[in-house]
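All remarks here apply to the structure that follows.
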Amino acid sequence: MPTNPIQIYNSLSGKKELFEPLKPPKVNIYTCGVTVYDDCHIGHARSLYIFDVMRRYLEYKKYKVNFVRNITDIDDKIINRARQENKGEPLIETTKSVTDKYIQSYYKDLESLGIKKADFEPRATENIPEMVEYIKLLIDKGYAYVTNTGVYFSVRKFQNYGQLSHQSIDQMLTGVRKEADETKNDPLDFALWKLSKPDEPKWQSPWGEGRPGWHIECSVMSQKFLKTETLDIHAGGLDLVFPHHENEIAQAEALTGKPFAKYWIHHGLLTINGHKMSKSLGNFVTVSQFLEKYEVDILKLFFLTAHYKSSIDYTQEKIEIAKKNKEEIDRFFSQYLFGKKDKLSKEDKEAIDRIVENFNLVMSDDFNTPRALAEVFGAVNLGSNYVVQDKVSALNYLREKISDLLDILGISPEKEIDEKTKKQLEKLLKERQEARERKDYKRADQIREEIRNKGFVISDTGSSFSITSHRINER
Ligand SMILES: [Zn+2]
């Protein structure tokens, strides 16, 4: 296996850097997860999937990945949703049923997307005492102050504010919304703790009953569950750079005096037919809506066609292309050569190994999935040649290698023939061959029919037979 070094684009430095985790082979990754007030849409799916592929690739490269993805289960958006759905019962109850419902729906989506479970999936509401403790320390250090609406972080006290979004304080001032909260000393300051209204969910704190701000959740839960002050990788969408991630850095670094994360990875956003996805525009596609129509690998193949840093535009045309691509992969895996034992030649082995090596090279170059996908399809084409050329061992070796690569991409081709079926087919094919040799064409045709009834088509290729799933042929 080639041991090529991995390069990752780091938003913090604004350039590609050699990936050197703090304590290899361990890699600590935190990604900002969902806020559970609605069903996941395909934009969320892209985020979840991209980071899943990165994780799988790092694991394939023998890193020991510790992966934390949080769930924001207390937030203004959730409370607003609960107010909309409220039918007169206490708001706290509706809030609970909103979060329960969407956490379940999120887990269902994760499962149908085939996204690996995180090592920890902490919920904000289950880590409130740690957040209160963290805020206390920030106040003690002079980075935060208490008002009659909550506790705020004093942005101007933190020298390096703006290091991630590469903006000056004044530039950021024009970016923040001007709805001046009178109790803030500065419009840039942000809430660490918000006092709750009487009917809202609330937790005890030294500053009164309330709830944590969104940003503090991530600083606290990432460090707690990864058991480190400096993470290897912090990841999220480009829309989170400012202010969310900037604020996470400010809180964490103000407290520890150490870098919060070594590498910041941000993915581009998803649009639909050139527009931002929104319910009011009627172009909102949830994960389950997509999966009602298409199999999950089609969505993944679509995502892979864009580099994770780029934005991606969802169109029907692109989904149709992804569908054809999936069929091509399935077709490759539905073809088997039987009937002859040959040896894998040195040239064929080298050609296949080169594909694997190239796949590694492009994936190690900041996870270049469009080029990785091109390698996979190169391999699929090579496979069709092997079928025509009647190369049994080369086809089998290639099949094994492509399977490994697809595994990294989380794609599962339909494998039509299990070992038992394979044995049955081999037996039938041998019988058919013998029938043909004694010129018993009637029996040979009967066997062909028997095989067809099992769902497979025989093509005679040289001294062996290629078997293709009937169902796939008829697509
Ligand atoms: Zn976050």
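The values are calculated or read from the model by the stated rules, or taken from the named source; none is laboratory data. Please read all numbers here as calculations on a predicted model, not as lab measurements. Please note: Cβ atoms are built from the backbone with ideal geometry, for glycine as well, and neighbour counts cover all protein chains shown. We work out accessible area using only protein heavy atoms, side chains counted, and drop any ligands, DNA or RNA first. Shrake-Rupley method; radii C 1.70, N 1.55, O 1.52, S 1.80 Å.
What percentage of the solvent-accessible surface of the range 7-291, computed with a 1.4 Å probe over protein heavy atoms, is contributed by carbon and sulfur atoms? Carbon and sulfur atoms account for 52 percent of the accessible area of the range 7-291.
Using a probe of 1.4 angstrom and keeping all protein chains present, the accessible surface of the range 7-291 works out to 45 square angstrom per residue. Once you've got the Cα coordinates, tell me which of Lys157/Lys184; Lys116/Lys401; Lys117/Lys326 are over 19 Å apart. Exceeds cut-off: Lys116/Lys401; Lys117/Lys326.
Check the straight Cα-Cα distances from Lys108 and name the aspartates and glutamates below 12 Å, setting aside those fewer than 8 residues away within the same chain. Counting by Cα, and skipping residues close in sequence, Lys108 has these aspartates and glutamates nearby: Asp39.
Site pair Glu437 and Ser310 shows an inter-label distance of 5.5 nm when each label is modelled 7 Å from Cα along Cα→Cβ. In this structure, the amide hydrogen of Glu17, modeled 1.01 Å from its nitrogen in the peptide plane, lies closer than 5 angstrom to those of Ile8, Tyr9, Asn10, counting only residues at least 5 positions away or on a different chain. Can you pull a Stokes-Einstein diffusion coefficient for the chain at 20 °C (1.002 mPa s), Rh from Kirkwood over Cα pairs, as a whole number of µm²/s? In µm²/s, the coefficient rounds to 84. Of Pro212, Ser403, Val65, which is farthest on the positive side of the dipole of the chain, counting Cα position, with +1 on Lys and Arg Cβ, -1 on Asp and Glu Cβ, and the Cα centre as origin? Checking the options against the dipole of the chain, the answer is Ser403. Extent of the range 223-306 along its three principal axes (Cα atoms, max minus min coordinate, largest first): 49, 27, 22 Å. Among Ser311, Ser384, Ser278, the sequence by solvent-accessible area, most first, with a 1.4 Å probe is Ser311, Ser384, Ser278.
Please arrange Lys117, Lys202, Lys61 by accessible surface area, largest first, computed with a 1.4 Å probe and ligands excluded.
Descending order: Lys117, Lys202, Lys61.
Remark on Ala144: its backbone amide H falls under 5 Å from those of Ile139, Ser154, a criterion applied only to residues 5 or more positions apart or on other chains, H modelled at 1.01 Å from N. Accessible surface of the range 332-397, 1.4 Å probe: 50 percent of it comes from carbon and sulfur atoms. For Asn70, the residues 5 or more places off, or on other chains, whose built amide H falls under 5 Å of its own are Thr31, Gly33. Computed from point charges on the beta carbon alone (+1 for Lys and Arg, -1 for Asp and Glu), the dipole magnitude for the chain about its Cα centre is near 1240 Debye. Considering only beta bridges that DSSP places wholly inside the chain, some 55 percent are antiparallel. Rounded to the nearest Hz, the phi-derived 3J(HN,Hα) couplings of the range 224-240 under the Karplus curve 6.51 cos²θ - 1.76 cosθ + 1.60 (θ = phi - 60°) are 5, 7, 8, 6, 7, 8, 10, 7, 6, 10, 10, 10, x, x, 4, 6, 9, where x marks glycine and proline. Peptide packing for 86-92, 144-150, 287-293 was compared via the average number of neighbouring C-beta atoms within 10 Å per residue; ordered from the highest value, the list is 144-150, 287-293, 86-92. Helix content alone sets the calculated 222 nm mean residue ellipticity of the chain: runs of n ≥ 4 DSSP H residues at -39500 (n - 2.57) each, divided across all residues, give -15000 deg cm²/dmol.
Considering only Ile298, Phe333, Ser288, the residue lying farthest towards the positive end of the dipole of the range 198-335 is Phe333, judged by Cα position with unit charges set on Cβ.
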